[in-house]
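The values are calculated or read from the model by the stated rules, or taken from the named source; none is laboratory data. As the structure is a prediction and not an experimental result, all values here were calculated from the model. Methodologically, a virtual Cβ is constructed for each residue, glycine included, from the backbone with ideal geometry; neighbour enumeration extends over all protein chains shown. The protein model used for the area step is the full one, side chains on, heavy atoms only, and it has no ligands, DNA or RNA in it. Shrake-Rupley method; radii C 1.70, N 1.55, O 1.52, S 1.80 Å.
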Amino acid sequence: MDLNSAIKISASGMRAQGTRLRVISENVANADSLGSVKGQDPYRRKTIVFENFMNRDVNAEMVRVAKIGRDDSDFELAYEPFHPLADEDGYVRRPNVNSLIEMMDMREAQRTYEANLSSIEMARSMLQRTVDLLRA
Amino acid sequence: MAIDNSNLLRMAHQKMNWLSERQSVLSQNIANADSPSYRAQDLTPLDFKRNLQQVTKLPVAKTEGNHISGVLPKSDYRIDERSQKDVYEASPNGNGVVLEEQMIAVQDTKLQYDLALNLYNKQIGMFRTALGSNNR
């Protein structure tokens, strides 16, 4: 039964990384979303936090998304005096999304996802070989 | 002599139990590779002598509908406390899981599992030879 719980734990990790990838996609997709009227805030970058919790059914520490928060860092300012959303000084506020950070985050999510996947593969092949005992 | 009494079979059985428990701990580490302040865990090495004397444990009974199920120590296998402190690389959020290290441990677990399984298989084969069945 332990190998089954190993598979369940890894699956919870994959689900968490999937949610993380969704948040990253939202950030990247909205990297140019400005406010719709003058003075409105542009898109604010979202952040994701994981936590480990004890799952009593599986009797192991699984992972889940603790919260999806907002990045309160300053918006970027671009000097575009003729932009319809520009303020009196000619600056347009742009989302605080840094595509380099998002790409790096994405690679990390992918790496952890793959690690979880190969962990599942290992557990599965161990189970498979045990079942093969019956065939001998 | 019952087949179950064969020491080699029992040792292989214990080893496989320990390895699948370890696989589940490693899965837990990999799943929590991005959880803040999570530290990688590992099991203490298998002690055959103690494990062969091990008795079956019973779960805590649930006598009321609103009782939560007790966490049953599945085995005598303990989490190695030492391994949680000796971390040489921790990310800024306090996570101490090194994925590469975990993947190597997973691979190692799989190899040892295969070894125990093959030994088990061989022993059963020898029983078969002694029984003189023709299907092998």
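Within chain A, what whole-number % of the accessible surface is contributed by carbon and sulfur, with the 1.4 Å probe and all protein chains included in the calculation?
Its accessible area is 52 percent carbon and sulfur atoms.
Could you tell me which of A:49, A:131, B:23 has its Cα farthest along the dipole of the protein assembly as shown towards the positive end, charges placed at Cβ (Lys, Arg +1; Asp, Glu -1), taken about the Cα centre?
The residue sitting most towards the positive pole is A:131.
Counting other Cβ atoms within 10 Å, keep those with at most 11, restrict to DSSP loop, and tell me which GluC sites (Glu not before Pro) in the stretch A:44-136 are left.
Listed in order of number, the matching sites are A:88.
For the stretch A:1-94, state what percent of all Cα-Cα pairs lands in each successive 10 Å bin, counting from 0 Å until the bin that includes the largest distance.
Taking all Cα pairs of the stretch A:1-94, the binned fractions are 15, 31, 21, 16, 11, 6, 1 percent.
Only sites in a loop by DSSP and with at most 15 other Cβ atoms within 10 Å count here; which chymotrypsin sites (Phe, Trp or Tyr not before Pro) in the stretch A:1-95 make the cut?
Counting only loop positions with at most 15 other Cβ atoms within 10 Å, the chymotrypsin sites (Phe, Trp or Tyr not before Pro) in the stretch A:1-95 are A:82.
On the Cα set of the protein assembly as shown, report Rg and Dmax in Å, please.
Here Rg and the maximum Cα pair distance are 25.8, 96 Å.
Run the accessible area of the stretch B:86-136 with a 1.4 Å probe and give the carbon-and-sulfur part as a rounded percent.
The computed percentage sits at 57.
Would you kindly state the longest site-free stretch of chain A, with sites defined as trypsin sites (Lys or Arg not before Pro) in a DSSP loop (not H, G, I, E, B) surrounded by at most 13 other Cβ atoms within 10 Å?
A:57-136
Pick from A:13, A:90, A:35 the residue whose mean-square fluctuation is largest in a GNM of chain A, springs joining Cα atoms under 10 Å.
Checking each option, the largest mean-square fluctuation is seen for A:90.
With a cut-off of 19 Å, note down the residues of the stretch A:1-36 whose backbone N falls inside the zone around a label point 7 Å from the Cα of residue B:112 toward its beta carbon.
A:1-7, by backbone N distance to the label point.
At a probe radius of 1.4 Å, figure out the A/B buried accessible area, summed over both chains, and give it in Å² to the nearest 100.
The buried area between A and B, both sides summed, comes to about 3000 Å².
Once Lys and Arg get +1 and Asp and Glu get -1 on their Cβ, which of A:112, A:40, A:96 lies farthest toward the positive end of the dipole of the stretch A:1-125?
So the residue furthest toward the plus end is A:112.
Give me the dipole magnitude in Debye, nearest 20, for the protein assembly as shown about the Cα centre, with unit charges on the beta carbon: positive for Lys and Arg, negative for Asp and Glu.
1720
Where the eigenvalues come from the Cα gyration tensor of the stretch A:84-136, what are the semi-axes √(5λ) of the equivalent ellipsoid, largest first, in whole Å?
They are 54, 8, 4 Å, listed largest first.
With +1 on the Cβ of every Lys and Arg and -1 on the Cβ of every Asp and Glu, and nothing else charged, how large is the dipole of the stretch A:1-97 about its Cα centre, in debye rounded to the nearest 20?
That gives the stretch A:1-97 a dipole magnitude of about 560 debye.
Using a cut-off of 19 Å between alpha-carbon atoms, which aspartates and glutamates can reach residue B:15, once sequence neighbours fewer than 8 places away in the same chain are excluded?
Here the aspartates and glutamates satisfying the reach criterion relative to residue B:15 are A:2, A:132, B:4, B:42, B:47, B:76, B:80, B:108, B:114.
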